[in-house]
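As C-alpha cells, the structure follows; a few thoughts come after it.
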Amino acid sequence: MVVRVRSAVGIALILVATVAGVSATAWIAIDRAGWNISGTPVNSPNSLPTSTTVAPTTPGIVPTAAAHTTDKAKRTLSSTHARQKIEMLNVKDYGATGNGITDDTVAVQAALTAATSGATVWFPPGTYVMMGVNGSGRSGVSLRGVRGKSILKYKAAPTSSMIGWNQTSAPSTNDSKLTFEGLTFKGLSALSEMQYLLSLSAVDDVRIDNCDFLQFSGDAIYLGRTHIGGVDSGVQNRRIKITNSLFDGVDYNNRNAISIITGDDVLIAGNTFTRCSHPTMPGAIDVEPNPWDHSAIIRDIRIINNNFVGIDGSNGSISLALMPATFTTQPERFLIEGNTFRDSKVSDVYLLWAGHEATDTDPLTTVNITGNDFGPDNGAGFPAITIEGLRGVNIEGNTFNGRRGKVISAGNGYAVRDLAIRSNTITGCGKTSPAIILLIKAAKCLIESPR
C-alpha cells in the first residue's frame, strides 16, 4: 500500500490499514478544529490523479488530456435546440378539462399525437389528471406550462408511468430534441418503485427545465434502459439536461428523484432535492445500471450547483452504484461540483462498483468531487463520502463542517486505488467517530495538508 500524508499535529485521526492481510495500522493526527489539505499534482499516467490538464473552473483529475475539455460549454443551462417555428397545441382544445377530477389522459394523448416536430403541447393553468401518456416516435416536441399552475396529477391507482417515451421496445433510432418546461408533476405519496412521473428511454437531446416534481412514488425522472424482454438491447440516452427544478418527495415515501440506468452526457444542475428517498431506496440521484445491463453507457455525468436538504435512502444523496461486473464501455468522467448538502440522513456521495476490487490494470473511472459544501448531517453519522471498488477519485477543494461521523470512508468493502484528497477544509467533524478519514483497502492514496 502506498499512502503519502503531509499533516499538521492535532487530535483528529486518519485510520489507514493495508490491503494485504491488514498487517499494519497507522494513525496520523490531523487538526480536527480546522484543516486545509493542499497538494501538488503527480503527472504520471499510472500515478495519482492530477488536475494540471483541467481548466481552472473544473479542478480535478483526468485520464487523458481530452477529458472534460468541454465541461465549461456543457454547463450552460440554456437549450441548445435549434430555433423552430412553434406550433401551439392547447390540450384543452383536445378535450382536457384541467379540473383536477376528470381523467384527461385521452385528451392529452390526442394533443401529443397531433404534435409534429417543432410543436409545443401547451398546458394552460389547471390540474390535469393522467396516466400512461405515450410520446414514443415523436421528436422535436415540447411540453410546456406555467410552473406551479400547470399541474400534471398522477391518476389514482396507476399501472404505468404518467408520461413515457419508448417504454416497451428497442427502437432503431432514438427520439430527440424533447423539452419539458414550466410543469408541475404531482404523484401520490405511496411508495411504488416502477410508477414514474416521467420515464424516458432511447432519447437524445432532452431538456427538462424549471419544473416541479412532487410526491413521486417511484422515480420522478427515470432514464432507462438497455435490458428489454430479457435481452440487453443496447438502448442508450444521450445529452440530457435537468436544470432549475424542484424535487420534493414530501414524506420520503418514494424511490429516487432521478434514476439513470444508462446516460451518456448528462447534466443535472441548479436543482433542489428535499425529503427523499424511502430508507430502502438508494437516494435522491441514483446512477445504477442493473447487473445485466453490460452495454449501459455511464459517462460524462455532471452534477453541479444543486441543493440537497434532508435526504434519506440506503446509499446517498448522490449514488453512483455500478452493478454489472463488466461493461462494454468503461464508465468514466463524473463531476460532482459546487453542490450543497444539509441535514443528510445518509452519505452525501456514495460511490460503488459492486463486487469489484480495484487494481492497477483497471481504467481510471475518473470521479472529481470538487468545491462542494458538506454541511451538518442530521446526526446519523454516515460518512459524507463513501468510496468502494473504484480507481481514480479526486476529492479537492470541498468544505466539510459539522459532520458527526467520518468525513471520508474508502475501501471498507471493496478495494480502491488512486485516491487523492487535497485542498479541503474540515471543521467540527468526527464527534462520534475515532477517525476523520478511514482508509481500509486502499492503495496509491495521496492525502496532503499543511506541513
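In this model, which of LYS92/LYS155; LYS406/LYS444; LYS177/LYS345; LYS186/LYS431 are farther than 30 Å apart at the alpha-carbon?
Over 30 Å Cα-Cα: LYS177/LYS345; LYS186/LYS431.
For ASN254, what residues show an amide H to amide H distance below 5 Å, using hydrogens built from the backbone and excluding near sequence neighbours?
HIS278
Whole-Å semi-axes of the stretch 132-290's equivalent ellipsoid, largest first, each the root of 5 times a Cα gyration tensor eigenvalue?
22, 18, 15
Let me spell out the model: positive unit charges on the Cβ of Lys and Arg, negative unit charges on the Cβ of Asp and Glu, origin at the Cα centre of the stretch 294-431. What dipole size does that give, in debye rounded to 20?
Computed about the Cα centre, the dipole is about 280 debye.
Around VAL121, which amide H atoms from residues at least 5 apart in sequence, or from another chain, sit under 5 Å from its own amide H, with H modelled in the peptide plane?
LEU89, SER142, LEU143, ARG144
How large is ³J(HN,Hα), in whole Hz, for each residue of the stretch 104-117 in order, when computed from phi with the Karplus curve 6.51 cos²θ - 1.76 cosθ + 1.60 and θ = phi - 60°, using x for Gly and Pro?
9, 4, 4, 5, 5, 4, 5, 5, 5, 5, 6, 6, 10, 4
If you line up the Cα atoms of the stretch 376-451 on their principal axes, what length do they span on each, largest first, in Å?
So the extents along the principal axes, rounded to whole Å, are 30, 29, 17.
Give a residue-ordered list of calculated ³J(HN,Hα) values for the stretch 371-382 (Karplus: 6.51 cos²θ - 1.76 cosθ + 1.60, θ = phi - 60°; whole Hz; x for Gly, Pro).
Calculated HN-Hα couplings, in order: x, 8, 10, 8, x, x, 8, 8, x, 5, x, 6 Hz.
Using amide H atoms built in the peptide plane, which far-off residues or other-chain residues are under 5 Å from SER245 H to H?
Amide H neighbours of SER245: ASN210, CYS211, ASN271, THR272.
From the C-alpha coordinates alone, can you work out the Kirkwood hydrodynamic radius of the stretch 313-451, in Å?
14.9 Å
When you count, for each residue, the other Cβ atoms within 10 Å and take the mean per peptide, how do 414-426, 300-312 rank with the highest first?
Going from most to least packed, we get 414-426, 300-312.
Based on the Kirkwood radius over alpha-carbon pairs, what value in µm²/s does the Stokes-Einstein equation return for the translational diffusion coefficient of the stretch 121-171 at 4 °C and 1.567 mPa s?
Rounded to a whole number, D works out at 106 µm²/s.
Tabulate in residue order the Karplus-calculated ³J(HN,Hα) for the stretch 233-239, using 6.51 cos²θ - 1.76 cosθ + 1.60 with θ = phi - 60°, rounded to whole Hz; enter x for Gly and Pro.
7, x, 5, 10, 10, 9, 6
None of the figures in this text is laboratory data; all of them are computed from the coordinates on show. Nothing here was measured: the structure is a model prediction, and the numbers come from that model. We place every Cβ from the backbone using ideal geometry, glycine too, and count neighbours over all the protein chains shown.
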